[in-house]
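Engineer: The following block contains the structure, expressed as structure tokens.
Bear in mind that the values in this text are calculations on the coordinates, not laboratory data. Treat the numbers as computed from the prediction; the structure is a model and nothing was measured. As a convention, Cβ positions derive from the backbone with ideal geometry for all residues, glycine included, and neighbour counts pool all protein chains shown.
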Amino acid sequence: MSNIAEGFCRRTDKEFTQFLFIAKGSTAEVQSLLYVAIDQEYLSDREFSKLYDKAEEVAKILSGLITSLLRRSPRLRPQ
């Protein structure tokens, strides 16, 4: 959430998009840490699945927003 907020207050869609990519990477970090939590038995299988799925949902939402910004501004598309 902090990456999204920081990117949102930047001056350009290019910078905002970059921070959205960072936020999406953070969802993968959360998912990775969920595996650590389940391995250490801090979470049940049910809790793990629920949280993992929520992180996946956030990643999909971020991907949609990134795609929307890239379509809106062709100069942002990776070369």
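Engineer: Can you name the residue in segment 1-14 that is in a helix (DSSP H, G or I) and free of Cβ contacts under 8 Å to residues at least 12 places away in the same chain and, of all such residues, is nearest to Arg72 (Cα to Cα)?
Structural biologist: So the first thing to find is which residues in segment 1-14 are in a helix (DSSP H, G or I), and the list is 2-8, 13-14.
Those left that are additionally free of Cβ contacts under 8 Å to residues at least 12 places away in the same chain: 2, 5, 8.
On the way: Ser2: 24, Ala5: 20, Phe8: 16 Å.
Per the stated criteria, the residue is Phe8.
Engineer: Here's another thing I want to ask about it. Looking at Leu62, Leu33 in this structure, which one is surrounded by 14 or more Cβ atoms within 10 Å (Cβ to Cβ) and either at negative phi or under 17 Å from the mean Cα position of the chain (by Cα) (or both)?
Structural biologist: On the way: Leu33 fails: surrounded by 14 or more Cβ atoms within 10 Å (Cβ to Cβ).
Residue meeting the stated conditions: Leu62.
Engineer: Still on this model: Would you check if there is a residue in segment 15-36 being part of a helix (DSSP H, G or I), closer than 13 Å to Ile4 by Cβ, among the hydroxyl-bearing types (Ser, Thr, Tyr) and in contact (Cβ under 8 Å) with a residue 40 or more places away in the chain? Write out each step before concluding.
Structural biologist: Of the residues in segment 15-36, the ones part of a helix (DSSP H, G or I) are 15-36.
From the residues that got through so far, the ones that are closer than 13 Å to Ile4 by Cβ too are 15-27.
The next check asks that each one be among the hydroxyl-bearing types (Ser, Thr, Tyr); those that pass are 17, 26-27.
The next check asks that each one be in contact (Cβ under 8 Å) with a residue 40 or more places away in the chain; those that pass are 17.
So far as segment 15-36 goes, yes, one or more of its residues are part of a helix (DSSP H, G or I), closer than 13 Å to Ile4 by Cβ, among the hydroxyl-bearing types (Ser, Thr, Tyr) and in contact (Cβ under 8 Å) with a residue 40 or more places away in the chain.
Engineer: If Met1 meets every condition in (1) touching a Lys or Arg at 6+ places or on another chain (Cβ under 7 Å); (2) of a type in the set (A, V, I, L, M, F, W, C); (3) surrounded by fewer than 12 Cβ atoms within 10 Å (Cβ to Cβ) apart from one, which number is that one?
Structural biologist: Among (1) touching a Lys or Arg at 6+ places or on another chain (Cβ under 7 Å); (2) of a type in the set (A, V, I, L, M, F, W, C); (3) surrounded by fewer than 12 Cβ atoms within 10 Å (Cβ to Cβ), Met1 violates only (1).
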